[in-house]
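Data first, discussion second: the structure below is written as structure tokens.
The values are calculated or read from the model by the stated rules, or taken from the named source; none is laboratory data. In this text the structure is predicted, and so the values were computed from the model without any measurement. A quick note on method: Cβ atoms are made from the backbone with ideal geometry, for glycine too, and the neighbour counts reach across all protein chains shown. We work out accessible area using only protein heavy atoms, side chains counted, and drop any ligands, DNA or RNA first. Shrake-Rupley method; radii C 1.70, N 1.55, O 1.52, S 1.80 Å.
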Amino acid sequence: MTGRAVVKGVGHYLPARVVPNSEFEKTLDTSDEWIRSRSGIERRHFSAEGETTSDLATNAAKAALDDAGMSADQIDAIILATSTADLTFPSAATMVQARLGMTGGFAFDVQAVCAGFVYALSNANALIVSGQARRVLVIGAETFSRIMDWTDRSTCVLFGDGAGAVVLEAEEGTGTPEDRGILAVDLNSDGRYRDLLYVDGGVSTQTTGYLRMQGNQVFRHAVEKLAQTAENALEKAGLSSSDVDWIVPHQANIRIIQGTAKKMGLPMEKVVITVQDHGNTSAASIPLALSVGKQRGQIKKGDLVVTEAIGGGLAWGAVVLRW
Ligand code: UT7
């Protein structure tokens, strides 16, 4: 018998304010046409004033718990992937813990930017498989609108705010790829590329800073590395691309998503796409897409799902799981 971390619930939350591409035409030398054709983004959500990452995360967590039919006191651990925590400390995860009324267990944040949810899933899987936790709430939540330079058209039109969450529970599996749950993980980072995507401020420099990105360079790495990490994870699971029911990619750019699917030899009908509605929500994008994909009736029990993401670091990775 093999311990498996199985998805028991999924949910998401998006702030109320929807901002269409046309909004940026008022203040920047850009167009709806440019944004759509270069990125696939049509609109994104922005948090209201005072609405923080832990607010979004708490709402997504409640939705995932509802979907799982579980209450917060049944959860052993919360892992929150974010690069836009409310405060320097405590972690946003502990804020969510308190808001959910959880007085036991433990909670912490994971910071791996757009790859954050994949890293968080990997951590949750390790906790469950090693017996340190039975039920883990894994959240991706971001308020990237707070780190946008609104005068930089090459970045501020691309990002959005939101949150998604899954509840994982330990189950005994047979150790074969037919098991439900997380089957394999592939994580990577290469700090030599830190200047391609970063925030030019932080606590230690006593500044807040804005997101800076050499978009076309990140694009080049993304197309090359995402298919590779997905294929590595599939191989570790004893599977191949032909076994995949759904790719649930990080939603940064439709052209990256298409390029990755093509490299993996998969048709776009097997890809969950939400980038048009959410923009790039960094660590929130995969759990948002998992939740929307389930709501749409795309992802069903027993389906083989591959999530993959790349972002600042560079950090990238993939998780193969059976829903
Ligand atoms: O989530 C973390 C990982 N991040 C990503 O995966 C993002 C990866 N990168 C991308 O998605 C794409 O590179 C972008 C969407 C950011 C840009 O698309 P691109 O096809 O790589 O365009 P580019 O950066 O090469 O820029 C092409 C042109 C430039 O003008 P010139 O130099 O050719 O005259 C830019 O100045 O487009 C210009 N441009 C814009 N024009 C209108 C850049 N931003 C805009 C804009 N509106 N908003």
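The selection criterion, being open to solvent by 60 Å² or more (accessible area, probe 1.4 Å) and not assigned by TED's automatic domain parsing to the domain that holds Thr84, does not hold for Ser130. Scanning segment 146-164 for residues that are within 15 Å of the ligand (Cβ to nearest atom), assigned to a helix (DSSP H, G or I), touching a strand residue (DSSP E or B) at 6+ places or on another chain (Cβ under 9 Å) and open to solvent by 10 Å² or more (accessible area, probe 1.4 Å) returns Ile147, Ser154.
In the set (1) over 18 Å from the mean Cα position of the chain (by Cα); (2) crowded, with 20+ Cβ neighbours inside 10 Å; (3) more than 15 Å from the ligand (Cβ to nearest atom), Val167 fails one condition alone, (1). In this structure, is Lys270 among the charged types (D, E, K, R) and touching a helix residue (DSSP H, G or I) at 6+ places or on another chain (Cβ under 6 Å)? For Lys270, the condition - among the charged types (D, E, K, R) and touching a helix residue (DSSP H, G or I) at 6+ places or on another chain (Cβ under 6 Å) - is not met. Identify all residues within segment 279-323 that are of a type in the set (Asp, Glu) and either within 13 Å of the ligand (Cβ to nearest atom) or under 11 Å from the mean Cα position of the chain (by Cα) (or both); write none if there are none. Residue satisfying the conditions is Glu308 alone. Restricting segment 165-176 to residues that are among the β-branched types (Val, Ile, Thr) and assigned to a strand (DSSP E or B), the residue that is farthest from Val118 (Cα to Cα) is Val167.
Scanning segment 215-231 turns up at least one residue that is among the β-branched types (Val, Ile, Thr) and touching a Leu at 6+ places or on another chain (Cβ under 7 Å). Of all residues in segment 179-229, those that are within 15 Å of the ligand (Cβ to nearest atom), at pLDDT 95 or above and hydrophobic (A, V, I, L, M, F, W, C) total 10. Of everything listed in (1) within 21 Å of the chain's Cα centre (by Cα); (2) surrounded by fewer than 20 Cβ atoms within 10 Å (Cβ to Cβ), the single unmet condition for Arg99 is (1).
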